1. Filter region 216-271 for residues that are part of a strand (DSSP E or B) and acidic (Asp, Glu) and give the result.
2. Take Asp283 and tell me if it is assigned to a loop (DSSP other than H, G, I, E, B) and touching a helix residue (DSSP H, G or I) at 6+ places or on another chain (Cβ under 7 Å).
3. Taking only pairs six or more apart or across chains, which ones have beta-carbon atoms under 9 Å, a first residue in region 255-272 that is open to solvent by 40 Å² or more (accessible area, probe 1.4 Å) and of a type in the set (D, E, K, R), and a second residue that is part of a strand (DSSP E or B) and modelled with pLDDT of 95 or more?
4. Determine which single condition Glu123 fails, assuming it passes every other condition in (1) closer than 26 Å to Arg182 by Cβ; (2) within 16 Å of the ligand (Cβ to nearest atom).
5. Name the single residue, out of those in region 192-215 being assigned to a loop (DSSP other than H, G, I, E, B) and open to solvent by 100 Å² or more (accessible area, probe 1.4 Å), that is farthest from the ligand (Cβ to nearest atom).
6. Of the conditions (1) open to solvent by less than 70 Å² (accessible area, probe 1.4 Å); (2) touching a helix residue (DSSP H, G or I) at 6+ places or on another chain (Cβ under 6 Å), Glu103 satisfies every one except a single condition; which number is it?
7. Specify the residue that is least open to solvent (accessible area, probe 1.4 Å); the eligible residues are those in region 144-191 that are away from the ligand (no atom under 15 Å from the Cβ), in contact (Cβ under 8 Å) with a residue 40 or more places away in the chain and not in a loop (DSSP other than H, G, I, E, B).
Amino acid sequence: MDREIRDVVIIGTGPAGYTAAIYTGRANLKPLVIEGHQPGGQLMITTDIENFPGFPEGIPGPELMSRMRQQAERFNVDFVYGSVTDADVSRSPFSITLDDNREILARTLIIATGATAKWLGIESEAIYRGRGVSACATCDGFFFKNCRVFVIGGGDTAMEEALYLTKFASEVVLVHRREEFRASKIMSLRARKNSKITTMLNEVVEEILGDGMKVTGIRLRNVKTGELTEHACEGVFMAIGHEPNAALFKGQLDMDDYGYIRTNAHSTETSVKGVFACGDVQDFVYRQAVTAVGTGCMAAVEAERYLESIR
Ligand code: NDP
């Protein structure tokens, strides 16, 4: 088995990973980036990004990611296609095993594996994703001006998404599968007080309805009575939680109750020296490309300083 030792290994190629690559590449640390099997992260399924500074006309998600990659390529960054199947950060240098069994040793490790939005898993949801079905109000809310939209979920994210959508939509219907919201009191109250938001409780999504091109409505089932009802709408936002992609590090790095990697305040340092986490794998609050870029930069700067300290 080949073993190579690198100063910097970055796992993940969303905005956080590419930014960490650009910075560490430019600092001459010859980083190795492990791309995963779907390079580019969550933005690869985002149509238009209108809030990434520097692109006044907006930019398609895949194009933004392709530009970030090209920028990283300028700075002597090595990319490896493939996924990490095992990671051991119990001793330095850290060991990373890829799915082709190659082992890579790393003096610093930057984890930028992101998070994955949870989906209901029904067929119609997949058909209309990007055509009325979304899991990100901040990304797509703008496209639903004066529309009626549904938000699925009862946690803080659902409240926040619903409130955000009232800026654009004419009506926001919050659909929750139970009688009680899981969200914090303050967030639930804020949503309930908003005159544009109505709630439907004890309801689950049976089907997303559409004309083949776009969403036209939603079919709900009442979990108490079994009654099926259909409602016209232009958009359906899933807000049933996110899964941080951090399973590889369970038991090795400190995490919160939801599995997000804990980082020190104002830093990307994790509970293991030399291991840094940036982007959505450590951030459930902002989850924006811009904030991921910011923490990717922080991780790179901190990795560089750490390497200097051990030399
Ligand atoms: P949560 O896990 O808190 O909530 C998920 C919600 O989706 C729950 O109401 C759950 O229902 C519902 N749900 C899950 N699966 C399904 C399904 N298959 N069908 C229908 N409904 C489903 O996730 P969030 O993303 O809301 O929050 C995660 C963490 O992030 C929390 O700690 C939250 O407080 C935090 N957060 C904080 C914010 C802030 O402070 N501003 C903003 C956003 C999030 P049920 O209740 O029945 O389980």
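1. Across region 216-271, the qualifying residues are Glu230, Glu243, Glu269.
2. yes
3. Arg262/Met255; Arg262/Ala277; Glu269/Val275; Glu269/Phe276; Glu269/Ala277
4. (1)
5. Met213
6. Only one criterion in (1) open to solvent by less than 70 Å² (accessible area, probe 1.4 Å); (2) touching a helix residue (DSSP H, G or I) at 6+ places or on another chain (Cβ under 6 Å) is unmet by Glu103, namely (2).
7. Out of the qualifying residues, it is Val149.
The values are calculated or read from the model by the stated rules, or taken from the named source; none is laboratory data. Bear in mind that the values here come from a model prediction, so they are computed numbers and not experimental data. Cβ sites come from the backbone with ideal geometry, for glycine too, and all protein chains shown count toward neighbours. Each accessible area value is taken on the protein alone, full model and side chains, heavy atoms only, with ligands, DNA and RNA left out. Shrake-Rupley method; radii C 1.70, N 1.55, O 1.52, S 1.80 Å.
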